[in-house]
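The values are calculated or read from the model by the stated rules, or taken from the named source; none is laboratory data. Values in this document were obtained by computation on a predicted structure and should not be read as measured data. Don't worry about glycine lacking a Cβ; one is built from the backbone with ideal geometry, like all the others, and counts go over all protein chains shown. Remember, those area values only see protein heavy atoms, side chains included, never the ligands or the DNA or RNA. Shrake-Rupley method; radii C 1.70, N 1.55, O 1.52, S 1.80 Å.
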Amino acid sequence: MQNKIVAVEKLLPEAIELFKVRYALLQTIMQKGPIGRRSLTTHLALSERMIRGEVDKLAQNGLVAVTVQGIIITKPGEEVLNTLYLPLHYLEALTRQEEELKEKLGLKRAIILKGNLEQDEETKTSLGFAVSSLLEEMLTAHTTIAITGGTTIANMVHYMPKSQQHYEDLHVLPARGSVGQRVELHANTIAVELANKLGGMYEILTIPDNLSHQSISLIKNEPQIEKLLQKLAKTDMIIFGIGNALKMAKHRKEPQEVLNLLEQKTAVAEAFRHYFNAEGQVVYASEVIGVAPDMAKKIPIRIAVAGGKSKAEAIVATRSLLQKGYLIVDEDAATAILNHLAVKG
């Protein structure tokens, strides 16, 4: 697809520029609407005459509606944004960095979002559309998806548009149980929301994620839990976040002796409740009911999402989980990753 888009850009550069303008206009209306023409002129640095003409064309095609309160996006407009996110993305300058990340981390594809995922609402919106557009390329009627919890993954699903596709037998599973007080960040909650966005079915893992070894051993033998674990082992796709080791350990309320061990072993990354040092070695593993790194590596499609330059070292440390997978990061994280890899040689 990328080569075809580049070819079109060479043949019809004026058409591509118009495509970019209309996409930016539609995206701004979605993010800021209801919004007036004068505000659009200021936000996009385009003439009022051009804004008026382009809004009229979008309205004629049913992509926006002009109301008393201002201009708003319609459902067909949201669908167009979702479908065209990745084609437009290929036209941006970030593709060079994406190719560099792909090569150095051994990825199947890297997607870099403009802005900062930890600070910008607009970047969080872009994350939802990026993942939605990516899933649209890969999902089939019978896909099974596992998904972890966390702030970034929760934002991703929250900002995803509702799919217009119908998937006959799509299942979404939580990759693990629940941990922490914020229910909206639990894998179970996010799995339900993702299933609703995709029009699929879901199952939940109604157990805490921080049980004792004895409790975990007993629960794993429960028929319902055993059945779900078997499904997780055969899942087609997993979407997961990558965290900073000590920050995540404190969030999970790991015992003080574990925190001391992580500091002693200089752990820098966390994924699937396993903690990694800068060389990618697991220095501490919490026993979990759900997906562990070894299981994750066997899942055919792996999509990792992380944001902020503070995650750069953690992403590099978990690169074994990313091999032949997909990585979605923001500009700050991407630049920091490449700088980190350059220093390491």
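So here's what we get for this one:
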{"quantity": "Cβ-based net charge around Asn116, under 14 Å, with every Lys or Arg adding one and every Asp or Glu removing one", "calculated": "-3"}
{"quantity": "Per-peptide average of other Cβ atoms within 10 Å, ordering 152-159, 272-279 highest first", "calculated": "152-159, 272-279"}
{"quantity": "Antiparallel DSSP beta bridges within the chain, as percent of all bridges there, nearest 5", "calculated": "40"}
{"quantity": "For the chain, accessible area per residue (1.4 Å probe, heavy atoms of protein chains only), Å²", "calculated": "48"}
{"quantity": "Exposure ranking of Lys114, Lys253, Lys297 by accessible area [1.4 Å probe, largest first]", "calculated": "Lys253, Lys114, Lys297"}
{"quantity": "Solvent-accessible area, 1.4 Å probe, carbon plus sulfur percent, for the stretch 129-190", "calculated": "47"}
{"quantity": "Gained length - Lys253 relative to Thr206, 0.36 nm times residue gap less alpha-carbon distance", "calculated": "15.0 nm"}
{"quantity": "Mean Cβ neighbour count within 10 Å, used as a protection proxy, ranking 327-338, 309-320 highest first", "calculated": "327-338, 309-320"}
{"quantity": "The chain: calculated mean residue ellipticity at 222 nm from DSSP helix runs of at least 4, using -39500 (n - 2.57)", "calculated": "-15500 deg cm²/dmol"}
{"quantity": "Relative packing of peptides 17-25, 254-262, 190-198 - highest average C-beta neighbours within 10 Å first", "calculated": "190-198, 17-25, 254-262"}
{"quantity": "Ala141/Lys234 FRET efficiency (R0 22 Å; Cβ-Cβ; nearest 0.05)", "calculated": "0.85"}
{"quantity": "Cβ-derived FRET efficiency at R0 30 Å, Glu79 paired with Arg49, nearest 0.05", "calculated": "0.60"}
